Amino acid sequence: MRERGSRWAALAAQLGAVWAVGTVAPLLALHAVMVAAFGGGSGPAAIALLVSAVALCAALYAVIAHTRAASALGATAGSRVLWSVLVGAGGSFGWIAGWAFTDAASLGMSGNLAVAAPLGGVAFALAAALLARGWPVRTAALGAVVALLFAGVAGARREPPSDLDARIQRAGLQRELAYAVAVPGYRPIGLDYGDDLGGQEFFPATDPQGAGITLYVTFSRGDVICSDTVECSPDGPGVWYVRRSYQHGYVVERGTVNVSVRAAPTVDKALLRRTTLAARPATDDELLRALPPARTRDNMDRFRDWLRGL
């Protein structure tokens, strides 16, 4: 009974240590390869990749050397090397596949290392569990691998976001806040929809150094319209004139959003009012003209197309 308890303790320690290695090592390796590639091209990048692989296996060997009771491959030095290589290769494959599948499912994990790194360590822990002593542990690990594989395939088979949605997502915009307006005598800077329509800043067409006009669209939040203002007075149904020490303008309530046009005090008040009232939600065609392509198609996109055809 004591031997069995020590084996479970060794297994818990082994899986925890492997998870920790799998959380840190791939990110360090990726960073090293990118730095080497940026500094010297494919040759140094290949060397950095090889060194990273050796370092990963060395770290895993240290784990199995101290938790050898948890695996049938822990008995001899040769079998421990084999265990290190198998866990390193299997974990790396799972790490790469998980990264690709979560991106294909539009989960956005690759952009959040606080989530992606710990989850990446799970792939290495599962690889170690597949080589553990006892069929219950191996069966549970195999079941988890199969379940994750099916979940990944199901996520990859989902229809990707439309071209417009993908562009909006890449640009960091919110569709409800994308508004368009044209300001007579001004040209749009930044979000330019074409036909003199813009969605952010505008500068005088004949005097680029002149006072600019800015369009802001925010979600409604109670009485925030009049906060931090020198003057805040109604000027029609749902229309407010606001003035601060350094700028003035108008705010129009449009359902769940507030549309605001502001400029320096020297800019004509009537022009700001007309511009605020004229602002409207940007159309799909205008957004497609203004926003850059989301990205080019790659092998993962072709793989997803193949999965949808099954």
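The values are calculated or read from the model by the stated rules, or taken from the named source; none is laboratory data. Since the structure is predicted, the reported quantities are computational estimates derived from the model, not experimental observations. Neighbour counts are summed over all protein chains in view; Cβ atoms, including those assigned to glycine, are modelled from backbone coordinates with ideal geometry. Accessible surface is based on the protein model in full, side chains and every heavy atom, while ligands, DNA and RNA are left aside. Shrake-Rupley method; radii C 1.70, N 1.55, O 1.52, S 1.80 Å.
Measure nothing fancy, just the Cα-based angle from helix 135-157's long axis to the longest principal axis of the chain, in degrees from 0 to 90, nearest 10.
30 degrees
Go ahead and collect, in residue order, the members of the range 201-218 whose backbone nitrogen is under 15 Å from a label point 7 Å along the Cα-Cβ direction of ARG187.
In the range 201-218, the label zone of ARG187 (backbone N under 15 Å from the point 7 Å along Cα→Cβ) covers 201-213.
Which one, (i) 27.8, 94; (ii) 24.4, 86; (iii) 28.8, 88, gives Rg and Dmax of the Cα atoms in Å as derived from the coordinates shown?
(iii)
How far apart, in nm, are the 7 Å Cα→Cβ label points at ALA53 and ASP268?
7.0 nm
Taking 0.36 nm per intervening residue step and subtracting the Cα-Cα distance, what contour gain separates ALA89 from LEU277 on full extension?
Length gained between ALA89 and LEU277: 61.6 nm.
Report, to the nearest 10°, how far helix 299-308 tilts away from the longest principal axis of the Cα atoms in the chain, using its own Cα long axis and a range of 0 to 90°.
80 degrees
Using only helices, what value at 222 nm comes out for the chain when you add -39,500 (n - 2.57) per DSSP H run of length 4 or more and divide by the total residues, to the nearest 500 deg cm²/dmol?
-18500 deg cm²/dmol
In nm, to one decimal, how far is the ALA46 label point from the SER233 one, both placed 7 Å along Cα→Cβ?
Simple spin-label model gives 7.6 nm for this pair.
Sort 176-185, 17-26 by packing, meaning the average of other beta carbons within 10 Å per residue, with the highest value first.
17-26, 176-185
Note down the nm distance, to one decimal, between modelled labels 7 Å out along Cα→Cβ at SER245 and at LEU113.
Simple spin-label model gives 4.1 nm for this pair.
Suppose all protein chains stay in the model; what accessible area per residue would a 1.4 Å probe give for the chain, in Å²?
Ligands and nucleic acids excluded, the figure is 56 Å² per residue.
Going by average Cβ density within 10 Å per residue, which order do the peptides 90-97, 237-244 take, highest to lowest?
Listed from highest to lowest mean packing, they are 90-97, 237-244.
Quick one: net charge around ALA205, please, counting Lys, Arg +1 and Asp, Glu -1 for every other residue with C-beta under 10 Å from its C-beta.
Around ALA205, the charge tally is -1.
Once you list every other residue whose beta carbon is under 14 Å from the beta carbon of LEU277, what net charge do they have if Lys and Arg are +1 and Asp and Glu are -1?
Net of charged neighbours comes to +3.
Hey, with R₀ at 25 Å, roughly what FRET efficiency would ALA97 and ALA65 work out to, going by the Cβ-Cβ distance, to 0.05?
Efficiency for this residue pair is about 0.35.
Please work out the FRET efficiency for the pair PHE38 and ALA151, using the Cβ-Cβ distance as r and a Förster radius of 22 Å; give the result to the nearest 0.05.
So, using R0 = 22 Å, E works out to roughly 0.05.
Roughly how many whole Å is it from the C-alpha centroid of the range 120-150 to that of the range 79-93?
About 13 Å separates the Cα centre of the range 120-150 from the one of the range 79-93.
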